[in-house]
Amino acid sequence: MDYVKAFIIGGIICVIGQILIDKTKLMSGRILVLFVVLGAVLHGMGLYEPLVKFGGAGATVPLPGFGYSLAKGAIEEVDKIGLKGAFTGGLKATSAGITAAVLFAFIAALIFNSKAKE
Amino acid sequence: MAKHIGKQSIKFDLPPSIISAASTVGSKEGKGPLGTYFDVVLQDPLWGEDSWEKAESKLVQKTIERVIQKANLTPEDIQYIFAGDLLNQLTASTFGLRSFDIPFFGLFGACSTMGESMALGAMTIDGGFANYVVAEASSHFCGSEKQFRFPLELGTQRPLTASWTVTGSGAVILGKNGPGPYITYITPGKIIDLGIKDPMNMGAAMAPAAADTIINHFQDTGRTPKDYDLIITGDLGSVGKELALELVKKSGYDIESIFSDCGVEIFDAATQDTHAGGSGCGCSAVTFAGYLYKEMQNNKWSRILFIPTGALMSPGSTQQGESIPSIAHAVAIENKWA
């Protein structure tokens with residue numbers, strides 16, 4: 001059942017992205033930033049947590065999930081150490097993901113070369 | 001001496017002859033409907049080099065070597081090269097031609113470059129400034145994606161209006177004397193910008209420029225669509241082609257039965273997933289040097305109007321939200337001239 005829930009939430013997020021690609025002139029980079037910011041804003045308003053509770057990885061893995069983690073980390077850190085936490089908390093909470101992204105991208109760049117599309 | 005006629009056209013008194021043509025294309029172009037017309041079809045898009053840019057330079061170099069060879073000339077016989085591409089500072093052309101000992105004019109007309117190089121080459125010959133010149137243009141799918149759209153690694157989805165940059169180089173040699181086909185008229189285009197901003201729909205941006213050049217060509221020369229066997233634009237693609245047709249029709253010229261587009265001809269949209277069609281400097285260049293030139297020699301057509309079309313934006317102008325200024329240069333090519 002967890003898989004079905006994750007599929008539903010993750011799928012809805014991706015469908016929204018696909019509709020934006022197909023129906024608007026937004027370039028992929030803008031959609032990417034929009035989704036991350038949206039995730040952070042929704043969490044700030046308390047609206048993203050229910051999605052995570054329901055959909056699990058379906059809500060945390062897509063782009064808004066990264067915004068959610070940034071906002072959540074910042075809020076938690078503010079509770080612990082005060083206002084300074086707003087600056088440190090976001091990256092602290094997402095550091096594993098960011099480091100993994102940099103490391104794996106680096107490894108992929110070493111091993112693979114870009115190829116022409118067919 | 002050549003005459004300037006009407007608003008923006010030139011009629012050559014001694015039409016230069018296109019004495020040879022050569023084309024090199026990538027494997028996708030080789031698998032397309034025109035595949036058998038090209039001289040060399042590459043299987044490796046890098047052509048043994050370690051970057052897309054170097055591969056495109058090699059395309060330029062090898063194609064020009066071949067076109068000179070095909071004309072039974074040596075590089076010493078060529079007085080000028082007119083060439084261009086889509087990379088920053090024309091690196092494909094300049095790096096590809098640095099080993100040649102031939103004076104060089106680098107041209108940027110975006111995808112209209114083949115029309116520009118043929119027009120300027122023809123003027124140079126008719127003006128008596130040279131006996132032989134090379135006109136060339138090139139593009140490379142991977143280099144162009146990287147420069148103008150998105151890095152290949154990003155795997156971005158392409159909308160249906162987007163075109164597919166042709167990997168290829170097409171070159172011709174223009175000579176003072178020869179058996180033809182001849183360049184008899186040119187109508188260099190004006191920059192037209194109707195405010196289209198979507199770089200994924202360049203056909204729509206370029207269509208008004210193509211239509212403007214075609215209409216002015218008819219008005220300046222007094223010719224009508226009946227005078228041509230084929231009117232073929234560079235890379236409007238399926239979307240832009242229909243728009244251009246409509247715009248030309250509004251001015252009272254019906255070209256529908258003889259109108260085509262190199263971008264539509266070069267790929268099979270149904271099986272090759274190229275969406276709107278081929279684009280890039282190489283699109284019109286290889287279609288002319290491969291398909292059109294050979295079929296004119298076979299007398300399939302005896303008089304054509306070749307109109308490479310270019311979208312003159314830069315990656316920076318797109319990011320800053322600018323619209324896409326466009327241009328189209330018409331070159332009339334005929335098997336006989338009187």
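Read the figures in this text as sums done on the coordinates, not as results from a lab. Small disclaimer: the values here were computed from a predicted structure and weren't measured. Glycine gets a Cβ as well: all are built from the backbone with ideal geometry, and neighbour counts include every protein chain shown.
Quick notes
- Burial ordering of B:VAL60, A:VAL37, fewest other beta-carbon atoms within 10 Å first: A:VAL37, B:VAL60
- With R₀ set to 56 Å, the beta-carbon distance separating B:LYS336 from A:PHE104 gives a calculated FRET efficiency near 0.30.
- For the residues B:ASP85, B:ASP229, B:ASP261, a GNM of chain B with alpha-carbon springs under 10 Å puts the largest fluctuation on B:ASP229.
- The label point for A:VAL78 and the one for B:LYS226, both projected 7 Å from the Cα toward the Cβ, are 7.9 nm apart.
- Net charge in the neighbourhood of B:ALA22 (other residues with Cβ under 12 Å of its Cβ; Lys, Arg +1, Asp, Glu -1) is +1.
- Selection from A:GLY46, A:ASN113, A:THR99 lying farthest towards where the dipole of the protein assembly as shown points positive, charges on Cβ: A:GLY46
- Comparing B:PHE259, B:PHE129, B:PHE288 in a Gaussian network model of chain B (Cα springs below 10 Å), the most mobile by mean-square fluctuation is B:PHE129.
- GNM remark for chain B: springs join alpha carbons under 10 Å apart, and the peak mean-square fluctuation among B:ALA92, B:ALA130, B:ALA207 falls on B:ALA130.
- The residues packed around B:GLU76, meaning those with a beta-carbon under 14 Å from its beta-carbon, carry a net charge of -3 if Lys and Arg are +1 and Asp and Glu are -1.
- Label-point separation, B:ASP13 to B:LYS176 (7 Å along Cα→Cβ), nm: 1.4
- Lys, Arg +1 and Asp, Glu -1 on Cβ, resulting dipole of the protein assembly as shown about Cα centre, debye, nearest 20: 560
- HN-Hα J in Hz across region B:255-272 - Karplus 6.51, -1.76, 1.60, θ = phi - 60°, x for Gly and Pro: 10, 3, 6, 10, 9, 9, 9, 4, x, 7, 6, 6, 10, 9, 4, 6, 10, 9
- Which of B:ILE186, B:ILE215 has the fewest Cβ neighbours within 10 Å, and the rest in rising order: B:ILE215, B:ILE186
- Karplus-derived HN-Hα couplings along region B:324-332 (A = 6.51, B = -1.76, C = 1.60, θ = phi - 60°), whole Hz, x at Gly and Pro: 10, x, 10, 8, 8, 10, 9, 10, 8
- Cα-based Lys pair tally, region B:3-175, threshold under 15 Å, eight or more apart or on separate chains: 4
- Secondary-structure-derived ellipticity at 222 nm for chain A, considering helices only, amounts to -27500 deg cm²/dmol, per-run term -39500 (n - 2.57) for DSSP H runs with n ≥ 4.
- Unit charges at the beta carbon, dipole of region B:181-338: most positive-side option, B:GLY263, B:THR287, B:MET206: B:THR287
- Using equal-weight Cα scatterers in the Debye expression, the normalised intensity of the protein assembly as shown in log10 at q = 0.09 Å⁻¹ is -0.63.
- Cα centroid separation, region A:25-50 to region B:239-294: 41 Å.
- For region A:2-111: Kirkwood Rh in Å [reciprocal of mean 1/r, alpha carbons]: 14.9
- For region B:182-334, the spherically averaged projection of the C-alpha convex hull amounts to 8.8 nm².
- Calculated on the Cα set of chain B, radius of gyration then Dmax: 18.1, 55 Å.
- Net charge dipole size for chain B [Lys, Arg +1 and Asp, Glu -1 on Cβ; Debye, nearest 20]: 540
- Taking other residues whose beta carbon is less than 12 angstrom from the beta carbon of B:VAL264, and scoring Lys, Arg as +1 and Asp, Glu as -1, yields -4.
- Cβ-Cβ FRET estimate between A:PHE87 and A:VAL33, R0 fixed at 25 Å, reported to 0.05: 0.80
- Theoretical FRET efficiency, 1/(1+(r/R0)^6), r = Cβ-Cβ of B:LYS3 and B:THR271, R0 60 Å, to 0.05: 0.80
- Projected onto their three principal axes, the Cα atoms of region B:200-252 cover extents of 36, 19, 14 Å, largest first.
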